[in-house]
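Peer 1: I am attaching a structure below and will ask some questions about it afterwards.
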Ligand SMILES: Nc1ncnc2c1ncn2[C@@H]1O[C@H](COP(=O)(O)OP(=O)(O)OP(=O)(O)O)[C@@H](O)[C@H]1O
Ligand SMILES: [Mg+2]
């Protein structure tokens, strides 16, 4: 009895998709278009975040320790530095290590023969969690007794933060707008399907069909359209993303491999889930809304 | 709660539509189980309004209505399907689904009320045989004559074994011979203990059968009597 019912709903839902072929095509097309635009902006935002993350790793704060501190005393400041908010990690570098790494970058080492490591200070290389608060962190570090000077590249930090804010803000707005648009289109598609079948619905009501009996085939129709739309969108997005990132990489627009795009396989699963949830959600919610008014007889 | 033994009972029923049309102005009548009656009246007198009230398609402005034990005037929307499963309505315009075959049109009414495939396979051929359409089960409504479409509508009204059958102008667009055939069929159904209410304005038909006739005009009952009493020439 139960399984027979499900069979009926599925048959009716599927046949409705084919009898309203054009509208079904149109709604799938709109869902696909909206999902791809949403997906492209999300992928862009994800990539920008990743690139900024890469920069963050390089954009360190250097905290120089007062000359009067011994190696042990300087090293002991690690706890205080770690305790500063927004500090992800801090690495202690002795003046000898700093001098050696400086020398290793110099070709003509003889020019520095009469200079030794004492001209330099012990220091901490500090990595931050969020580049947006780097100025604040810089001040906090400077307030630690023993820290003599703090340097960071604020200009790059500010530029990165602004870029990230713009990209994620624009993406959020676009995703929200497209979500609403695709919901409306889906609603109208199923509304057209129900409008064409309003006589049929009226007959069902008159012979004593319950509302849920009438509703299920339409819900199933919305489900299938949404599922199909998200599937097509996913595959298209896949091809599109791969093509675009390949083109950018080979075109040298990435500064000789300094910038790496996220590979599709890394985001495939989340994208697949998000597309399916949005597509199916839009399908089901759209058709539930569309059919409501025809059931009030 | 009073015990209801009537199939249909209307008392002082008024219906004023939203546009202020006073369609019914105090209608009262009763149909006993197993009765056969005609409801006659000129166009616009309120016949279809009475049918819509009986199946809860519209609500009365005032008055009591009970059908098959349901208090229709105060029925909750979620109880409407149960009421409608007890009442088979044959509409003036048949209301068949054009995309479905004869068989499917009838089976669909059973499916809508949750019958099993097996029940459908047994019952639909029986009902189609009863109305004389056993040879046309695979035809579509557009391939049928008016009388045949009418009989599909009757089969659909019958298929869920209703206690009451209401036919709105079942002979509206049929020639006299076909009309008589349909009426004979309805009488046959009545003999199987189903209450039948036939809405019509065909005087000759009503006169031919000595049955109870409820006549209305302008939303009021003007006569109600047995024996084909029917004296309004203009209908
Ligand atoms: N939905 C509606 N809204 C407003 N007025 C209506 C509505 N339905 C019917 N009426 C009016 O109510 C009156 C009775 O209509 P009804 O359909 O009951 O007549 P009828 O006796 O069935 O006529 P006919 O023989 O032409 O079918 C008419 O004046 C009609 O215009
Ligand atoms: Mg009428």
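No lab work stands behind these numbers, since they all come straight from the coordinates. The shown structure was predicted, so the numbers you read here are calculated from the model rather than taken from an experiment. Every residue, glycine among them, receives a Cβ derived from its backbone with ideal geometry; neighbour counts consider all protein chains shown.
Peer 1: What number results when the radius of gyration of chain B, computed over Cα atoms, is divided by 2.2 N^0.38 Å?
Peer 2: Numbers: Rg = 17.4 Å, N = 235, 2.2 N^0.38 = 17.5 Å.
Against the empirical 2.2 N^0.38 Å value, I get 0.99 for chain B.
Peer 1: Given axes a ≥ b ≥ c from the Cα gyration tensor, I'd like to know whether the range A:83-215 is rounded (a/c under 1.5), prolate (a/b larger than b/c) or oblate. Walk me through the numbers on the way to the answer.
Peer 2: Working: a/c = 5.26, a/b = 4.14, b/c = 1.27.
Since a/c reaches 1.5 and a/b is larger than b/c, the shape of the range A:83-215 is classed as prolate.
Peer 1: Ok, one more. Work out how far the C-alpha atoms of the range A:60-152 reach from end to end along every principal axis, then list the three figures in whole Å, largest first.
Peer 2: 43, 26, 16
Peer 1: Assuming R0 = 25 Å, what is the FRET efficiency of residue A:89 and residue A:242, from their Cβ-Cβ distance, to the nearest 0.05? Kindly include the intermediate steps, with their values, before the conclusion.
Peer 2: On the way: r = 35 Å, r/R0 = 1.39.
The pair residue A:89/residue A:242 has a calculated efficiency of 0.10.
Peer 1: Of the DSSP beta bridges with both residues in chain B, give the percent that are antiparallel, rounding to the nearest 5. Each step should come with its number before you reach the end.
Peer 2: Numbers: 19 of 37 bridges.
Looking only at bridges with both residues in chain B, the antiparallel portion is about 50 percent.
Peer 1: So for the protein assembly as shown: antiparallel DSSP bridges make up what percent, rounded to the nearest 5? If you can, show how the numbers build up before the last one.
Peer 2: Details: 33 of 51 bridges.
DSSP beta bridges in the protein assembly as shown are roughly 65 percent antiparallel.
Peer 1: On the Cα set of the range B:106-235, report Rg and Dmax in Å, please.
Peer 2: Taking only Cα atoms of the range B:106-235, I get Rg and Dmax of 16.2, 50 Å.
Peer 1: Describe numerically, in nm with one decimal, the distance between label points set 7 Å from Cα along Cα→Cβ at residue B:223 and at residue A:5.
Peer 2: It works out to 5.1 nm between the two label points.
Peer 1: With a ≥ b ≥ c taken as the square roots of the eigenvalues of the C-alpha gyration tensor of chain A, please select rounded if a/c is under 1.5 and otherwise prolate if a/b is larger than b/c or oblate if it is not?
Peer 2: On the way: a/c = 4.47, a/b = 3.09, b/c = 1.45.
Note, shape of chain A comes out prolate.
Peer 1: Still on this structure, please answer the following. Please label the shape of the range B:115-172 as rounded, prolate or oblate, based on the square roots a ≥ b ≥ c of the eigenvalues of the alpha-carbon gyration tensor (a/c under 1.5 means rounded; beyond that, a/b larger than b/c means prolate, else oblate). Walk me through the numbers on the way to the answer.
Peer 2: On the way: a/c = 2.35, a/b = 1.19, b/c = 1.97.
Oblate shape, in that a/c is at least 1.5 and b/c is the bigger or equal ratio.
Peer 1: Can you figure out the FRET efficiency of residue B:116 with residue A:212, using R₀ = 22 Å and their beta-carbon distance, to the nearest 0.05? Mind showing how you got there, number by number?
Peer 2: Working: r = 18 Å, r/R0 = 0.80.
Result of the calculation: an efficiency of 0.80.
Peer 1: Roughly how many nanometres apart are two label points built 7 Å out from the Cα toward the Cβ at residue A:277 and residue B:16?
Peer 2: Between residue A:277 and residue B:16, the label points sit 5.4 nm apart.
Peer 1: Give the average, rounded to an integer, of partner chain Cβ atoms located within 10 angstrom of each Cβ in B:151-160. Mind showing how you got there, number by number?
Peer 2: Values: counts 0, 0, 0, 0, 0, 3, 2, 0, 1, 2.
Per-residue shielding by partner chains comes out at 1.
Peer 1: Residue A:155 to residue A:292: FRET efficiency via 1/(1 + (r/R0)^6), r the Cβ-Cβ distance, R0 60 Å, to the nearest 0.05? Walk me through the intermediate numbers first.
Peer 2: Working: r = 56 Å, r/R0 = 0.94.
It comes to 0.60.
Peer 1: Please work out the Kirkwood hydrodynamic radius for the protein assembly as shown, using every pair of different C-alpha atoms, and report it in angstroms with one decimal place. Write out the running numbers ahead of the final one.
Peer 2: Working: mean 1/r = 0.0333 Å⁻¹.
Result for the protein assembly as shown stands at 30.0 Å.
Peer 1: Over all residues in B:54-64, what is the mean tally of Cβ atoms on other chains that come within 10 Å of each residue's Cβ? Display every interim value, and only then the final one.
Peer 2: Numbers: counts 0, 4, 3, 4, 1, 0, 0, 0, 0, 0, 0.
Going residue by residue through B:54-64 and averaging, the value is 1.
Peer 1: Ranking request for peptides B:11-18, B:37-44: highest mean number of other beta-carbon atoms within 10 Å first, then the rest in descending order.
Peer 2: Working: B:11-18: 14.9, B:37-44: 19.4.
Ranking, from highest mean packing down: B:37-44, B:11-18.
Peer 1: Further question: Multiplying the sequence separation of residue B:5 and residue B:58 by 0.36 nm and subtracting their Cα-Cα distance, what value in nm do you get? The partial results should precede the final answer.
Peer 2: Working: separation 53, 0.36 × 53 = 19.08 nm, distance 2.36 nm.
Full-extension gain reported as 16.7 nm.
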